[in-house]
Every structure is written in C-alpha cells, then in structure tokens.
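K.L.:
Just dropping this structure here.
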Amino acid sequence: MKSLESKSLVLLRHHLKALRLPTIGAECEKVARRAASDGVDHLSYLLQVTELELLERERKAAERRLKAARLPSLKTLESFDFSARPSVNRVLVSELARAEFIDRRENVLLVGNPGTGKTHLAIALSAAACARGYRVRFHRVTELVTLLIEARDERALLGLRGRLAKLDLLVLDELGYVPASKVGAELLFDVISTAYERTSLMVTTNLPFDHWTEVLGSERLTGATLDRLTHRCQIIETKGESYRLRDAKARIRKPTASVGAGPQEGSIQPPHGGMEGGPRTR
Ligand code: ADP
Ligand code: MG
C-alpha cells in the first residue's frame, strides 16, 4: 500500500511538472494530509491546491513586472510625508495609486523644484501600477534619448518603439535637466506622440511649461508635445523647499537643540530613516 502511494506520488509530481503546476507539486501532499484530518472532500481539496498555484503565479508575475519596470529604487506612498508637501493632493495621489488613469489612458505630470519628491511619487505610483497588473517602464529622459539615438544608429529603432508600445505606463523622469539635441528632441516627441491615447505617460519635470522650448528646441515641437501630454492629464505640483535640504537643515539644527540629551546625541535619523537606501519592498 505504502509503495503504491509513493509510486502514485512520483507519477503525480511528473504529471504536475509536465502541466507546469509547480506549486501544486510542492504543496499537494501537505494539503492532502490536512484535508484528510479535517474531513475535507475532494473538490474542496482541488480548490485549495489550485488556489495556491494561482496565488503563487500572481506573486511571481508581480515580481517580474516590478523588475521589468526598472525602478531606480523602491519608494512607497507610505513613506511619503504629505504634511511636508501640502501642495500635493493626497486624495488625488491615492486615486492615482489605484491606477484607473491607466485604463483611461490619461497622463500624469509632476512639476516642481529639485528635491521636492517628484521622483519619489513617480516610483511609488509605478510600483502600485505594477502590483495591479500593469506593464510599466521607468526611464530617465536623458537615458531614453540616448537609447533612442543608439537604436536609430543601429537600425533597431523599430524594436525599441515596439517594446515601448507594449507598455501600459511609461515614466519619463527628469524632463528638462539637460537640453535634448535636435535629433533627441524629435525622437522623444515621436515616443510621446505614439503614446498619445494608447499608453499613459508619467512625466516629472522641474521646468514650468513656458521654459520647455529651451529643452526641446523648437516652438513647434514644444507646442505639439505639450498639447499631447496635457490633453487628459492630472497635474501634481510639488511646491516648496527641497526635502533633502530640509532634511539636512533639520540634522544640523538637531544636535544643538539636543545638547546634553545623552546617548542619542549625534545619532539623529532623518524623519523617514532608510529612504535613501537601496531598493526596498513595500
Ligand atoms: P525630485 O525628483 O523632485 O528631485 P526626489 O523624489 O528625488 O525629488 O526626492 C529627494 C529625496 O527626498 C528622495 O530621497 C525622496 O525619497 C525624499 N523625499 C522628497 N519628498 C519627500 C516627502 N514629502 N516625504 C518623504 N521623503 C521625501
Ligand atoms: Mg527627480
């Protein structure tokens, strides 16, 4: 009896492997023992193991999507201090985290001075979109422009454009730090106009709209780019002082304020300790 059981188990594992059901293969014995002791019927047992397989598949797919998004670090909305940035509408950000704007093919523009949390919010919203099943890719604009120029030189532009077209959300971080070359600006415009009403764009920029010509070169291109980007678009303004600067000032102020405070002195942590670290999970 015992040897028959183990023979069936070997066969079952083989079949499950052929059917690509690894989680059921790993869990079936354990769940079967529990089902037998709880008096669970066959159909409920089958339901339990298939549920485990599905959950594990979804978890792995979310992990793959997050990796494919190539976020520069992992920031979360939980670690974003909204009280430090009153111009940012918390309700709107929570709504964007539900990613319905992606279904509506709307764009998101984050505008504000350096260090005011634009990239932090873009990363957190990208991660939220990945978790909800959307295909996301994060690019710094300068990096994407370089990739586009290289692809064009190598006659591989069609492939790159094809990969971008498969995305649900394309993040363009730091538009405006470096003026694009004429070719670069045109290739970038091509990406933006191809995405129009097909792929959502999330753009972060430190440039007010009336300065975009300085980066994109021509008035015509700037007008056309802004026209596409801002049509059906949510705008978040991160007004105020740089968070990094604020943080640094707080660190300088604190030691004097806490003179004689004892062993804590000199070990003051930033208000959101660990955010500058490497990738973190939610
Ligand atoms: P920007 O993209 O606007 O230049 P970042 O998003 O890179 O700014 O922010 C700079 C640093 O400050 C990052 O480490 C970010 O996590 C942190 N930061 C900015 N704003 C906030 C905030 N409101 N709450 C928590 N951390 C913040
Ligand atoms: Mg930034």
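K.L.:
Glu5 - would you say it is open to solvent by 40 Å² or more (accessible area, probe 1.4 Å) and among the acidic types (Asp, Glu)?
P.N.:
yes
K.L.:
List the residue pairs whose Cβ atoms are under 9 Å apart, where the first residue sits in segment 156-176 and is acidic (Asp, Glu) and more than 16 Å from ligand 1 (Cβ to nearest atom), the second is open to solvent by less than 20 Å² (accessible area, probe 1.4 Å) and outside any strand (DSSP E or B), and the two are 6 or more positions apart or on different chains.
P.N.:
From residues that are acidic (Asp, Glu) and more than 16 Å from ligand 1 (Cβ to nearest atom), the pairs are Asp168/Ala99; Asp168/Ile102; Asp168/Ala129; Asp168/Thr199.
K.L.:
From the list Ala99, Ala128, which residue is within 29 Å of Thr225 (Cβ to Cβ) and within 16 Å of ligand 1 (Cβ to nearest atom)?
P.N.:
Checking each option against the conditions leaves just Ala128.
K.L.:
Also, quick follow-up: Can you confirm whether Leu207 is of a type in the set (A, V, I, L, M), part of a loop (DSSP other than H, G, I, E, B) and away from ligand 2 (no atom under 16 Å from the Cβ)?
P.N.:
no
K.L.:
For segment 47-56, check the following and say yes or no: at least one residue is under 19 Å from Val171 (Cα atoms), of a type in the set (A, V, I, L, M, F, W, C) and crowded, with 17+ Cβ neighbours inside 10 Å.
P.N.:
Checking segment 47-56: not a single residue is under 19 Å from Val171 (Cα atoms), of a type in the set (A, V, I, L, M, F, W, C) and crowded, with 17+ Cβ neighbours inside 10 Å.
K.L.:
Kindly check whether there is at least one residue in segment 177-194 that is touching a strand residue (DSSP E or B) at 6+ places or on another chain (Cβ under 8 Å), farther than 18 Å from Val215 by Cβ and away from ligand 2 (no atom under 16 Å from the Cβ).
P.N.:
Checking segment 177-194: not a single residue is touching a strand residue (DSSP E or B) at 6+ places or on another chain (Cβ under 8 Å), farther than 18 Å from Val215 by Cβ and away from ligand 2 (no atom under 16 Å from the Cβ).
K.L.:
Are any residues in segment 99-134 of a type outside the set (A, V, I, L, M, F, W, C) and buried (at least 18 other Cβ atoms within 10 Å of the Cβ), and if so, which ones?
P.N.:
Answer for segment 99-134, where residues must be of a type outside the set (A, V, I, L, M, F, W, C) and buried (at least 18 other Cβ atoms within 10 Å of the Cβ): Asn107, Gly112, Gly115, Thr116, Gly117, Lys118, Thr119, His120, Ser126, Tyr134.
K.L.:
So Val141 clears everything in (1) within 16 Å of ligand 2 (Cβ to nearest atom); (2) open to solvent by less than 60 Å² (accessible area, probe 1.4 Å); (3) at positive phi except one condition, right? Which one?
P.N.:
Only one criterion in (1) within 16 Å of ligand 2 (Cβ to nearest atom); (2) open to solvent by less than 60 Å² (accessible area, probe 1.4 Å); (3) at positive phi is unmet by Val141, namely (3).
The values are calculated or read from the model by the stated rules, or taken from the named source; none is laboratory data. Predicted model, so just to flag it, every value in this text is computed and none were measured. Counting neighbours? That spans all protein chains shown, and the Cβs are built from the backbone with ideal geometry, glycine included. SASA here: full protein model, heavy atoms, side chains in, ligands and nucleic acids out. Shrake-Rupley method; radii C 1.70, N 1.55, O 1.52, S 1.80 Å.
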